[in-house]
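J.: Please see the structure below; I have some questions.
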Amino acid sequence: MKVELSDRNRSSEMITVKSLPIPGFSRLALLLLAAACLLPGLAAAAQEPGEFIRLAEGDDGKARSLQVALARYVDDRGRRVDLVSAVHVADREYFHDLQERFDRYESVLYELVGDPDGGPEPPAGVGLSLVGLLQGGMKNALGLAFQLEEIDYGRANFVHADMTSAELSDSMKARNETWLGTFMQMWAASSLAQSASSKSPEAAMLQVLFSSDRQAAFKRVMAESLVDQQSVLEVLGGDQGSVLITERNRKALSVLERELAGGARRLAIFYGAGHMPDFHRRLVAEHGFALIDIEWVDAWRLTDG
């Protein structure tokens, strides 16, 4: 089997770009916003996929949608695991489609830093608080819906597979990681990626500022940024990566092993798209699964058609 690998106007107050006061400001803003979309939620074998998020073009060559991958894997016992890539703010229809799909699985392992049973938790910390703030702002600025408001996490087949806030904090301390250090690591990777690109974040934000439909223009810019930042998030994965990807993925896969040992044969891992390259490598190299198919799902409509 061959798997394809890559390829209402709002008021002007909705998005305000007053100035670009320092070099690199727009790149930093786009990086943080992209990370908020792809990183943690709060409270016959194919080769490795080249991407888990992409832009789909129409016949006119213009981007028509932002798409995320639903990658299917099987092992030699016929058990199936699907990596369901999430964008934490997206069209409401995207979340409703996922909800219907989730009913077909015996177990849906989901991402949420916190205690799913509502037990006492320490404060999430400035890093997760910033991510949550950005996610809420993105929903409003782009006219999208928020994952935690659209997906029913109380369904019987939903299984929490993430760290609690305390586990996340302890793991970061054990690895001598800080939120500032993580953001700086991403900033450095973003700078290298930007130096090899002909795209200018400052020019993109100016296009938003002077567009007659700022919300639609900002949505296109953010969709392009999400795709471009895939390589940036890669620095957080792998054995030498970050708690945000590496250790949380290890926790999720330990839950996967528990569910498989309990007899489940059709499972989904529902995590941000930024986690998926590391999940792919571990499923194949450490857990005996092979990629058999990729389906691309529209997460953001970028045209009216």
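One line per residue, one yes/no per condition, for (1) modelled with pLDDT under 95; (2) more than 17 Å from the chain's Cα centre (by Cα):
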residue: 76; (1), (2): no, yes
residue: 79; (1), (2): no, yes
residue: 82; (1), (2): no, no
residue: 115; (1), (2): yes, yes
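J.: Moving on. For segment 139-161, give me each residue that is among the small types (Gly, Ala, Ser) and either under 15 Å from residue 116 (Cα atoms) or part of a strand (DSSP E or B) (or both).
T.: Just the residues of segment 139-161 that are among the small types (Gly, Ala, Ser), to begin with: 141, 143, 145, 154, 156, 161.
Across segment 139-161, the qualifying residues are 145, 154, 156, 161.
J.: What's the number of the only condition in (1) more than 22 Å from residue 55 (Cα to Cα); (2) assigned to a helix (DSSP H, G or I); (3) at pLDDT 95 or above that residue 97 fails to meet?
T.: Only one criterion in (1) more than 22 Å from residue 55 (Cα to Cα); (2) assigned to a helix (DSSP H, G or I); (3) at pLDDT 95 or above is unmet by residue 97, namely (1).
J.: Can you name every residue in segment 238-283 that is more than 20 Å from the chain's Cα centre (by Cα) and basic (Lys, Arg)?
T.: Result: 258, 265, 266.
J.: Across segment 66-85, which residue is surrounded by the most Cβ atoms within 10 Å (Cβ to Cβ) among those that are assigned to a strand (DSSP E or B) and out of contact with any Phe, Trp or Tyr (no Cβ under 6 Å at 6 or more places or on another chain)?
T.: By that ranking, first place goes to 68.
J.: Another question, if that's okay. May I ask you to list the residues in segment 79-96 that are within 17 Å of residue 273 (Cα to Cα) and of a type in the set (Asp, Glu)?
T.: Start the filter on segment 79-96 by keeping residues that are within 17 Å of residue 273 (Cα to Cα), which leaves 81-91, 94-95.
Listed by number, the residues that qualify are 82, 91.
J.: Shifting gears a bit: Go through the residues of segment 256-278 one by one and say whether even a single one is among the charged types (D, E, K, R), under 21 Å from residue 177 (Cβ atoms), at pLDDT below 95 and surrounded by fewer than 19 Cβ atoms within 10 Å (Cβ to Cβ). Break it down stepwise before answering.
T.: So the first thing to find is which residues in segment 256-278 are among the charged types (D, E, K, R), and the list is 257-259, 265-266, 278.
After this cut, where a residue has to be under 21 Å from residue 177 (Cβ atoms) as well, the list is 278.
Of the ones still in play, those that are also at pLDDT below 95 are 278.
Subset that is surrounded by fewer than 19 Cβ atoms within 10 Å (Cβ to Cβ): none.
Taking every residue of segment 256-278 in turn, none turns out to be among the charged types (D, E, K, R), under 21 Å from residue 177 (Cβ atoms), at pLDDT below 95 and surrounded by fewer than 19 Cβ atoms within 10 Å (Cβ to Cβ).
J.: Sticking with this structure for a sec: Residue 92 versus (1) out of contact with any Ser or Thr (no Cβ under 7 Å at 6 or more places or on another chain); (2) modelled with pLDDT of 70 or more; (3) more than 27 Å from residue 216 (Cα to Cα): which is the lone unmet condition?
T.: Unmet for residue 92, out of (1) out of contact with any Ser or Thr (no Cβ under 7 Å at 6 or more places or on another chain); (2) modelled with pLDDT of 70 or more; (3) more than 27 Å from residue 216 (Cα to Cα): (3).
J.: I'd like to check something: does segment 152-172 contain any residue that is within 30 Å of residue 72 (Cα to Cα), modelled with pLDDT of 90 or more, buried (at least 19 other Cβ atoms within 10 Å of the Cβ) and aromatic (Phe, Trp, Tyr)?
T.: The answer is yes; a qualifying residue exists.
J.: Read through the list (1) over 17 Å from the mean Cα position of the chain (by Cα); (2) modelled with pLDDT of 95 or more; (3) assigned to a helix (DSSP H, G or I), then give the number of the only condition that residue 207 fails.
T.: It fails just one condition, (2).
The values are calculated or read from the model by the stated rules, or taken from the named source; none is laboratory data. As the structure is a computational prediction, the values presented were derived from the model and not from experiment. In this analysis, Cβ positions are derived from the backbone assuming ideal geometry, glycine residues included, and neighbour counts consider all displayed protein chains.
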